[in-house]
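FYI, it's all coordinate maths here, none of it is from the lab. Every value quoted in this text rests on a predicted model; they were computed, and no experiment measured them. FYI the Cβ positions are ideal-geometry reconstructions off the backbone, even for glycines, and counts take in every protein chain you see.
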Amino acid sequence: MAFYIFIFFATFWFMEFMAWFTHKYVMHGLLWILHKDHHQHEPGFFEKNDAFFLIFAIPSWLFTMFGMMNGNDFRLFIGLGILAYGIVYFLVHDVLIHRRFKWFDNIKSPYFRALRKAHKIHHKHLGKEHGEVFGMLIVPKKYHQEALKTQKP
Amino acid sequence: MEWLETKYLYLLLNIFTISIPFWRSFEKKYIDYIGKWGPLFKAIAITGAFFIIWDVIFTMNGVWGFNPNYLVGLDVFHLPIEEWLFFITIPYACLFIYEVQKRFVKEDYLALMGKPFSLLLGLILVASAIGNHEKAYTFWNFLFCGGFLLVHYFIIRPNFLGRFYFSYAIGLLGFFFVNGILTGTGIDEPVVWYNNDENLGIRVGTIPVEDIFYGLLLILMNLTLYEYFKGKQKS
């Protein structure tokens with residue numbers, strides 16, 4: 001059981017690495033064509049960039065399915081780890097940061113403010129090149145310190 | 001029935017399904033289905049890729065399988081060629097029904113119930129999936145179908161759900177006929193057999209109840225992508 005819980009959380013944080021890596025080298029690289037409209041907005045609710053949700057859903061689905069069809073082995077927990085990361089990514093990136101849905105609008109936690117600030121810095125750059133701060137849940141310390149400093153009592 | 005006992009049976013059912021929609025694809029006056037082939041085949045390709053991968057895994061794990069007596073005998077990635085065609089002919093015909101009723105049924109009768117019904121059905125399906133997680137067909141089918149309906153309710157919020165349910169109800173007539181034969185009605189053995197350990201064991205005639213939602217997911221996924229690509233085409 002402990003092993004499975006470890007697999008779950010290891011996968012979750014590995015996905016933060018994967019998200020950072022994919023974002024920096026794939027989305028701002030070969031697949032910029034899918035990511036571009038996330039930096040330079042076009043009319044309409046959906047972005048081509050949303051295709052990445054579907055792309056990352058594939059390994060989650062397959063790991064979960066193979067795991068469940070083989071007596072709930074470790075693959076199930078890899079699949080669930082990816083799924084959990086996907087849900088958190090959606091809630092943090094699309095709901096809290098980009099406000100695509102008007103859900104929980106009043107979150108003032110310094111951690112979330114740091115994430116939002118860091119992501120806004122990433123969005124200062126509209127083009128493919130010269131990006132910075134590619135992570136999502138793990139961002140440089142200075143944003144946390146800034147967020148704490150500006151915290152209202 | 002003697003005349004159905006042929007290795008061309010599944011292929012013939014595919015041809016039967018697409019026959020009239022294909023024949024009427026070329027008129028330009030009312031629907032101009034051929035003019036919508038771009039979005040249509042994009043939707044069919046993407047949805048088909050998902051369903052084929054799922055189908056290959058289930059076939060290899062014995063969740064269901066195919067009876068060679070009713071197949072021409074050509075397999076691609078462990079799936080009979082007829083099963084590949086199924087993911088083309090069925091959506092082709094069902095979206096044709098959708099376009100026809102949009103053109104000829106003036107009123108969108110189910111407009112008001114489209115969204116709440118999707119929420120209700122989505123919740124029921126996801127709950128049933130979790131309650132039957134040890135049955136592979138029930139679990140994955142209800143999870144995908146229910147989840148997709150909830151995505152429509154909470155995120156996509158399209159205005160075509162009433163029209164969708166209306167045309168799916170019409171499509172169910174064809175579904176009961178074609179799928180009835182596929183699952184063994186009127187023939188010696190089923191064309192597609194199901195491992196009853198992996199489904200609820202509830203059959204409508206010979207059809208596992210899961211199939212009704214499998215069909216719903218297949219058509220809704222095609223329709224959502226079709227409408228999305230049609231919108232892109234216009235703008």
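Quick one, can you get me the convex hull of the C-alpha atoms of the range B:2-234 expressed as volume per residue in Å³?
125 Å³
Every helix of 4 or more DSSP H residues in chain B counts as -39500 (n - 2.57), and over all residues that averages to -21000 deg cm²/dmol at 222 nm.
Over 5 Å intervals from 0, what percent of Cα-Cα pairs in the range A:2-149 sits in each interval? Using 5 Å bins, I get a P(r) of 2, 9, 16, 20, 19, 15, 11, 5, 2, 0, 0 for the range A:2-149. Computed from label points 7 Å out along Cα-Cβ, the spacing between A:LYS108 and A:PHE3 is 4.8 nm. As a proxy for reagent exposure, ranking B:TRP140, A:TRP103 by other Cβ atoms within 10 Å from fewest up yields A:TRP103, B:TRP140.
Report, in deg cm²/dmol and to the nearest 500, the calculated mean residue ellipticity at 222 nm for chain A, where each DSSP H run with n ≥ 4 adds -39500 (n - 2.57) and the sum is divided by the residue count. Could the numbers behind the result be given before it?
Values: 6 runs with 86 residues, N = 153.
The per-residue figure over chain A is -18000 deg cm²/dmol.
As a rough footprinting exposure proxy, the listed residues A:ILE97, A:ILE33 were ranked by other beta carbons within 10 Å of their own, and the order from fewest upward is A:ILE33, A:ILE97. The relative contact order of the range B:1-111, computed from alpha carbon pairs under 8 Å that lie at least 6 residues apart in sequence, is 42 percent. Working from Cα pairs under 8 Å separated by at least six residues, relative contact order for the range B:2-234 is 28 percent. Spacing of the modelled spin labels on A:GLU132 and B:ARG103, each 7 Å from Cα toward Cβ, amounts to 5.8 nm. Using the alpha-carbon centroid of each, what span in Å lies between the range B:32-85 and the range A:15-31? Cα centres, the range B:32-85 to the range A:15-31: 32 Å.
Computed on chain A, with alpha-carbon pairs under 8 angstrom and 6+ residues apart, the relative contact order is 27 percent.
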